[in-house]
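Remarks on the structure that follows.
The values are calculated or read from the model by the stated rules, or taken from the named source; none is laboratory data. The structure presented is a predicted model; accordingly, all values stated were derived computationally and were not measured. All Cβ positions, glycine included, derive from the backbone under ideal geometry; neighbour counts span all protein chains shown. Accessible surface is based on the protein model in full, side chains and every heavy atom, while ligands, DNA and RNA are left aside. Shrake-Rupley method; radii C 1.70, N 1.55, O 1.52, S 1.80 Å.
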Amino acid sequence: MAYVISKYVYQFISSDEEYLVYCSHSNSFLKVSPTLYEHLLRCNSDPLLIHEMEDTLIEKLIGQKIIVQPGEDEDYLLEHQFRTDAVTYSKKRLGLILVPTLGCNFDCFYCFENGKKAQTMTPQIIEDLISFINTHKEAESVDITWYGGEPLLAFGIIKKILHKVRNEITLKLRKHVIITNGYYFTSEAIEFFKEFPLDLIQITLDGNKERHDSIRKQKVTSEPTYDRLIQNIDNILNELPDTQVHIRINIDKTNVNDYLEAQEILGKRWKNKNVIIYPGILRMDNEQGTALACTCMNKWETAEFMYELNEKNIFKTDIFPRLSYSKNCGATRVNSHIIGPRGEIYKCWNDVSDASKIVGYINQDRLSNPSLLYRYLIGSKWYNEKKCKECFFLPICNGTCAWYVLRNSHQNADYIVCDCMQKAPDMLHRSLEYYYKSQIGKNI
């Protein structure tokens, strides 16, 4: 039987002079002798040399997908596309990001909703929302994420919706999240969310106290907010111990040390609490809207920064390659909707409040912008790109950002859309070696 070396194989010599063969299709390593290492390299150009190896070794290489039959890698692409589309069109899980209000008590200069008219859900929209949820007959569960604006400015609406979800729909609330600036997370809010538990609360700090207070001050009074947020987080962690709290520290090239400072100071303050403090990489456009502003870290700079955090044991993020089949986000899933305060439907967080990005309404059967919907669901997919289908990273790739893909293809932008950390310059070798050493003694 004919065999070839898979295009998903990468060979390298570690800093300890170990000869390693990595396969992204199986996400596995094989430590080999220098002789076999060189022989496998020659097999790339002359596949007939594969048959010079012992049968037991050939079987092992087949098992790890290092050698494959001709055409097998192409068949794998078809399977990968099928799995991607299966997630895209699955209706078993309903994902809702609810925006009860576009109003916000902060006025951050980089906010994509800056200058937009503050609107709030009406009682009729709440009724329409419940009816909309109930139309999803194939769904078995619903995930709800509260978003804004600042959602807790519409706390009364949140309470009404959750009571109706409990009493008027049959779907199980599987995951419950709020993304909030944290200012109005009062004792009343804490008591309410004891009745309707949250799996996750995300609160953002804009760097250290001085920087945060200069950016996230009260819109009307210009009062600072940092100290109040810290106190509110203290209360949340004490009163809602089963809810994980994510503290996002916004950074760009100018304030990287703010994250390191927060990790040290706040990490000690909340030691042994259910909290994760992580860097939030700011993504602001240049004046032309075609690339990131010069103060922002691009994808590759971000990858380098995250790798260093891991290496220095400051923050453990996922730098190890993982097999990934679906490569989907909410924007590319049929059963995921972002619902604004007028009942309007968006596909991406970044589109909220942009009237040109509304794809429909919860109380209307017809789509208002079908072209945009299909661009997200189909046009943004990896299998439309030749370079993706030929890429070694595909099996371990997290996919691309659909929002940036569409901006590149339809708005003359030029963003790095790959989310695969290992694709950053000189990162593959380092991250694989880091991964390999972490797995010594384990089954890999």
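Here are the numbers for this structure:
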| item | result |
| --- | --- |
| Selection from segment 161-216 of residues that are under 17 Å from residue 276 (Cβ atoms) and β-branched (Val, Ile, Thr) | 177, 178, 179, 180, 201, 203, 204 |
| Residues (part of a loop (DSSP other than H, G, I, E, B) and free of Cβ contacts under 8 Å to residues at least 12 places away in the same chain) located in segment 381-416 | 385, 391 |
| Pairs with Cβ under 8 Å, 6+ apart, first in segment 3-30 and at positive phi, second not in a strand (DSSP E or B) | 27/321; 27/322; 27/323; 27/395; 27/396 |
| Members of segment 207-225 that are modelled with pLDDT of 95 or more and crowded, with 20+ Cβ neighbours inside 10 Å | 212, 225 |
| Conditions (1) of a type in the set (Lys, Arg); (2) over 24 Å from the mean Cα position of the chain (by Cα); (3) assigned to a helix (DSSP H, G or I): number failed by residue 83 | (2) |
| Some residue of segment 95-108 being of a type in the set (Gly, Ala, Ser), within 30 Å of the chain's Cα centre (by Cα) and assigned to a loop (DSSP other than H, G, I, E, B) | yes |
| Boolean, residue 61 is open to solvent by less than 30 Å² (accessible area, probe 1.4 Å), assigned to a strand (DSSP E or B) and farther than 22 Å from residue 426 by Cβ | no |
| Residues that are over 21 Å from residue 142 (Cβ atoms), aliphatic (A, V, I, L, M) and assigned to a helix (DSSP H, G or I), drawn from segment 327-361 | 355 |
| Tabulated pairs, segment 417-433, first β-branched (Val, Ile, Thr), second open to solvent by 10 Å² or more (accessible area, probe 1.4 Å), C-beta under 6 angstrom, 6+ apart or interchain | 417/400; 417/401; 417/404; 417/405 |
| Residues that are open to solvent by 10 Å² or more (accessible area, probe 1.4 Å) and of a type in the set (A, V, I, L, M, F, W, C), drawn from segment 92-105 | 97, 102, 104 |
| For residue 221: the one exception among (1) more than 23 Å from the chain's Cα centre (by Cα); (2) of a type in the set (Ser, Thr, Tyr); (3) outside any loop (DSSP other than H, G, I, E, B) | (3) |
| Those residues of segment 150-183 which are assigned to a strand (DSSP E or B), of a type in the set (A, V, I, L, M, F, W, C) and closer than 19 Å to residue 216 by Cβ, in sequence order | 178, 179 |
| Residue among 218, 231 that alone is out of contact with any Lys or Arg (no Cβ under 6 Å at 6 or more places or on another chain), at negative phi and in contact (Cβ under 8 Å) with a residue 60 or more places away in the chain | 218 |
| Checklist (1) under 22 Å from the mean Cα position of the chain (by Cα); (2) closer than 23 Å to residue 123 by Cα; (3) surrounded by fewer than 20 Cβ atoms within 10 Å (Cβ to Cβ) applied to residue 355, failing item | (1) |
| Segment 252-274: number of residues that are open to solvent by less than 30 Å² (accessible area, probe 1.4 Å) and either over 16 Å from residue 312 (Cβ atoms) or outside any helix (DSSP H, G or I) (or both) | 5 |
| Which listed residue, of 405, 417, is surrounded by 20 or more Cβ atoms within 10 Å (Cβ to Cβ), at pLDDT below 90, closer than 21 Å to residue 357 by Cβ and not small (Gly, Ala, Ser) | 417 |
| Matching entry among 38, 18, 59, 52 (being acidic (Asp, Glu) and touching a strand residue (DSSP E or B) at 6+ places or on another chain (Cβ under 7 Å)) | 18 |
| Exclusive hit being surrounded by fewer than 19 Cβ atoms within 10 Å (Cβ to Cβ), under 17 Å from the mean Cα position of the chain (by Cα) and among the basic types (Lys, Arg), set 316, 299 | 316 |
| Residue match in segment 322-329 (condition: open to solvent by 40 Å² or more (accessible area, probe 1.4 Å), out of contact with any Gly (no Cβ under 9 Å at 6 or more places or on another chain), touching a residue at least 60 places away in the same chain (Cβ under 8 Å) and of a type in the set (Phe, Trp, Tyr)) | yes |
